[in-house]
Amino acid sequence: MSRVHVAIIGGGLVGASLALALQDSARQRGWRIALIEPFAPGSDYQPSYDARSTALSYGSRLIYERLGLWQGIAQRAEPIQQIHVSDRGRFGATRLQAIEEGVPALGYVVENAWIGHCLWQALDADVVEWRCPAEVSAMQRLDDGYRLTLSDGASLECDLAILADGGRSALREQLGIGVNVKPYGQSALIANVSPLEAHRGQAFERFTDDGPMALLPLSDNRCALVWTRASADAERLLAISAASFLGELQQAFGYRLGALQQVGARHLYSLSLVEAQEQVRPHLVVLGNAAHSLHPIAGQGYNLSLRDTLALAEVLIGSEGPLGDFATLQRYQQRQQLDQQLTVGFSDQVTRLFSNAQPLLSAGRNLGLLGLDLLPPAKRWFARQAMGLGTRSL
């Protein structure tokens, strides 16, 4: 039976980022890392009109710069120069601008496949061993780690197991780690659209009585759409023709980018706030969406997971205890507790406030948007949250 020092279960963006963050120290210390992933990463990047994308905050750029990866990611990263926040049918609005915040961009929109490609190219096969395609079907607690049973019948032991297998983690459930779930009664409809006019690096957060929508700038003058609706209505929007869909989207969004000309494949995701009740146990860390899944409208989920990932790597590298030492893992959780509470709370409150048609709340958020424009300190706080810098300094 083989043994590694760290087994990362889930080789997606979070798991691969952790492997990269640990890689240099692992090489120096002789740590062996296994990255266990059901879907083999492609060696070639294939651009696609319909590629799913992620909004990386400015804080995430700083993290990837530290990891030596940003230069590669930046080749296909579309900068967000301005975020226009508005409430449909009301006069309240605010604009966050990179130049006012003293940064080159408030954030960047990058195709997931490109981030993955850059990560996989940066991993050193002498340090990080891919077990792929492979899945972990069972985990057994040992005195000094975990024994993982893979779907092909093979076994692997590790000092530290990282559970990064997504928001619907079957292993989290198998280990008896409970979750707190707040259903939003909404679904997010995700698609790429092409407007007639150039987006010029503008991102739009548009709030309507039917639910919030975001339109984010992508390369090739595409925009990534996240449209939140009541679940039944989202199902209807998924089923109608492309022309009918574009017509309804145009009516809800308006003509700030001119006529919307093309929409790609549409995908639907049911939305809930999901938080694991435990993120650390001896020799175990729950990371990424397995630890917390947020509403996508504020674009905070992956950026929070990336900050968690860097913090975990720094705590592990800085610890004098053995890998998997519970006190070390508790230090990681304590370090990230405030960031997680603020980010989850910010995302949840924005979602609830801007998904409500009650007149008093509608008026309140309208005044709130006006207030952001009129009160620089409040606007700067909002901008720092959006940039993923809420609990850190530049």
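Any read-out appearing in this document is the output of simple, stated calculations on the displayed coordinates, not a laboratory observation. Owing to the predicted nature of the structure, the values given are computational and were not obtained by experimental measurement. Methodologically, a virtual Cβ is constructed for each residue, glycine included, from the backbone with ideal geometry; neighbour enumeration extends over all protein chains shown.
The stretch between Ser244 and Asp152, if pulled fully straight at 0.36 nm per residue, gains 28.5 nm over its current Cα-Cα span.
The range 213-248 and the range 20-75 have their alpha-carbon centroids 28 Å apart. Most simply put, the chain has about 70% antiparallel DSSP beta bridges, counting only bridges with both residues inside it. Protection proxy ranking for 205-218, 187-200, 227-240, using the average of other Cβ atoms within 10 Å per residue and placing the highest first: 205-218, 187-200, 227-240. For a Förster distance of 30 Å, can you work out the FRET efficiency between the beta-carbons of Cys132 and Asp50, rounded to the nearest 0.05? With a Förster radius of 30 Å, E is 0.80. Helix screen, the chain: DSSP H segments with Cα axial length of 20 Å or more and mean Kyte-Doolittle hydropathy at least -0.5 are 13-29, 301-318, 359-374. Segment Glu173..Asp233, full-extension length gain: 18.5 nm, with 0.36 nm per residue of separation and the alpha-carbon distance subtracted.
Placing pseudo-labels 7 Å out from each Cα toward the beta carbon at Asp143 and Asn221 gives an inter-label distance of 6.8 nm. Under the convention that each Lys and Arg Cβ holds +1 and each Asp and Glu Cβ holds -1, the size of the dipole of the range 248-332 around its Cα centre is about 320 debye.
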